Amino acid sequence: MRRGFNQAELLARGIQQYSSKPVSVNNLYRAKNTASQTRLSKTQRLVNIRNAFRVHDPKSFQGKRILLVDDVLTTGVTVSECSKILRQSGARSVHLLILATAKDRD
């Protein structure tokens, strides 16, 4: 399923202009289609997103500090799942850069 425009990638590319660090937008990917999370509660989101992400090349994350960029944080479930996968792939640490937060529905 195609999700459309990638706002997080646009943000990451903007940050890259001020950094010597590379941007990787395809190594962490959605491995399973999930229902839209926009109308789900936090509990429903946890179930929906579980095991939804994978990495193509885990070695590329080993020992690295990762900056995970997202446009909107609602419950934190998606970034939490992505962070977990990145740490399991060997990332030394995962830091978040979020542009905006949305009111939690729970």
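Read-outs throughout are calculated quantities, based only on the coordinates presented, and are distinct from any laboratory measurement. The shown structure was predicted, so the numbers you read here are calculated from the model rather than taken from an experiment. Because the Cβ atoms are built from the backbone with ideal geometry, glycine has one as well, and the counts that use them run over all protein chains shown.
Overview of values
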item	result
Net lengthening on full extension, residue 23/residue 62 (0.36 nm per residue, minus Cα-Cα)	12.5 nm
Filtered trypsin sites (Lys or Arg not before Pro), the range 70-106: DSSP coil and at most 15 other beta carbons within 10 Å	92, 103, 105
Pair residue 39, residue 6: separation of 7 Å Cα→Cβ label points (nm)	2.8 nm
Average Cα contact separation per residue, the chain, under 8 Å, 6 or more apart, as relative contact order %	27 percent
Sum of -39500 (n - 2.57) over DSSP H runs of 4+, divided by residues of the chain (222 nm, nearest 500)	-8500 deg cm²/dmol
At most 12 other Cβ within 10 Å, DSSP loop - chymotrypsin sites (Phe, Trp or Tyr not before Pro), the range 9-86	18
Within a Gaussian network of the chain (alpha carbon springs, distance under 10 Å), most fluctuating of 88, 17, 62	17
Total lysine pairs whose alpha carbons fall under 21 Å of each other in the range 7-100 (8 or more apart, or interchain)	7
